[in-house]
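The values are calculated or read from the model by the stated rules, or taken from the named source; none is laboratory data. Not measured: the values here are computed from a predicted model. Cβ placement follows ideal geometry from the backbone for every residue including glycine, while neighbour counts extend to all protein chains displayed.
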2 protein chains.
Amino acid sequence: MVVQLEPLRQAEIDAIFHALADATRRDIVARVIEREQSVSGLAASYAMSFAAVQKHIAVLERASLVVKSQRGRERIVRAEPAAIARARAVLEHYETLWRHRAAAIDAILAEEPEQQGEEHARHRRHHRS
Amino acid sequence: MVVQLEPLRQAEIDAIFHALADATRRDIVARVIEREQSVSGLAASYAMSFAAVQKHIAVLERASLVVKSQRGRERIVRAEPAAIARARAVLEHYETLWRHRAAAIDAILAEEPEQQGEEHARHRRHHRS
DNA sequence: CAGTTGTACAACCATTTGGTTGTAGGTTAG
DNA sequence: CTAACCTACAACCAAATGGTTGTACAACTG
């Protein structure tokens, strides 16, 4: 019963790629990978308001790219490499599709070099005479 | 002279991740990887207007994830795996950062097991008594 | 030729995004 | 206790997104 699994996964992937589609957020990810940091520590690094950085962190959090934990009065942000790995897996899936497609084309061209009249011979032999 | 190289690259990466942050667009990418297709052929696959699919393809095109070429009155959309590889490279960069950071922490813990009083011993030994 | 098909593009609309400021609450410092 | 600090969150705004419909045009078809 793998019912309704895809929509959730798709929304997760949407969130991850959307979170990564912003240079400030990618920079936050890089910073907290190198060293976990407080929200205000991160906010001090950017030329925008504290609340704006807070929102960026919230986007990353929704995508599970970072998690926050409390330490005293600070909220410490740390990276969650699993989400990055999931995004990479999606891209690698596409690259695998591409290689399979290339391999299939090669196989067809190698196997039947004489009767290639349908699929792969759209040479538009009627160039608007 | 590597002047002002980053902003452009960042905008490119923004475009790639933004384009991938939508399930319909990811599906279009998968379809054209398997077989290049016309715009109307793609549009027929989705429960939305032709113009909406056209816009999605335009987003993918701006990100260089697909390219269009004319064949007769049709516009053929085909995949551009280089952009996918660039996105994967970004993610792998983060994963490399993560591994380096983990390695550095291990090194510190292994080298100086006695004087660990500052960096990595925040055990909050004062649990709100 | 006229009609159909494939595409582009503009205009419009609702919703989301990315930023701001302001207010309020919890936590530490003096 | 009071003050300073860190954070959350609401309200607001301009711009971008994601969808629609309608119009226009180029290219095949008959």
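In the range A:18-38, what residues are within 11 Å of DNA strand C (Cβ to nearest atom) and more than 7 Å from chain B (Cβ to nearest Cβ)?
Listed by number, the residues that qualify are A:Ala19, A:Thr24, A:Arg25, A:Ile28.
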Open item on the list: Kindly evaluate B:Arg31 against the criterion of being at pLDDT 95 or above, surrounded by 14 or more Cβ atoms within 10 Å (Cβ to Cβ) and closer than 17 Å to A:Phe17 by Cβ.
Closed with: no
TODO: Report yes if A:Val59 is in contact with a Lys or Arg (Cβ under 7 Å, 6 or more places away or on another chain) and more than 25 Å from B:Ala104 (Cα to Cα), otherwise no.
DONE: yes
Open item on the list: Quick check on my filter: what residues within the range A:4-16 are assigned to a helix (DSSP H, G or I) and either surrounded by 14 or more Cβ atoms within 10 Å (Cβ to Cβ) or among the polar types (S, T, N, Q) (or both)?
Closed with: A:Gln10, A:Glu12, A:Ile13, A:Asp14, A:Ala15, A:Ile16
Task: Selected residue (only one of B:Ser45, B:Ser49, B:Ser64 is among the polar types (S, T, N, Q) and within 11 Å of DNA strand C (Cβ to nearest atom)) - done: B:Ser49
Task: Within the range B:56-115, tally of residues that are of a type in the set (Asp, Glu), within 16 Å of DNA strand D (Cβ to nearest atom) and more than 17 Å from the chain's Cα centre (by Cα) - done: 1
- [ ] For the range A:75-88, indicate whether the set of residues that are touching a Lys or Arg at 6+ places or on another chain (Cβ under 7 Å), within 10 Å of chain B (Cβ to nearest Cβ) and either among the hydroxyl-bearing types (Ser, Thr, Tyr) or assigned to a helix (DSSP H, G or I) (or both) is non-empty.
- [x] yes
Task: Subset of the range B:4-17 that is within 7 Å of chain A (Cβ to nearest Cβ) and of a type outside the set (D, E, K, R) - its residue that is nearest to A:Val90 (Cα to Cα) - done: B:Phe17
Task: Candidates B:Ala23, B:Ala110, B:Ala44, B:Ala51 - the one that is under 17 Å from A:His93 (Cβ atoms) and surrounded by fewer than 19 Cβ atoms within 10 Å (Cβ to Cβ) - done: B:Ala23
TODO: Under 7 Å between Cβ atoms, at least 6 apart or on separate chains: pull out the pairs that start in the range A:41-59 with a residue that is touching a residue at least 40 places away in the same chain (Cβ under 8 Å) and end on any residue that is in a loop (DSSP other than H, G, I, E, B) and more than 8 Å from DNA strand C (Cβ to nearest atom).
DONE: none
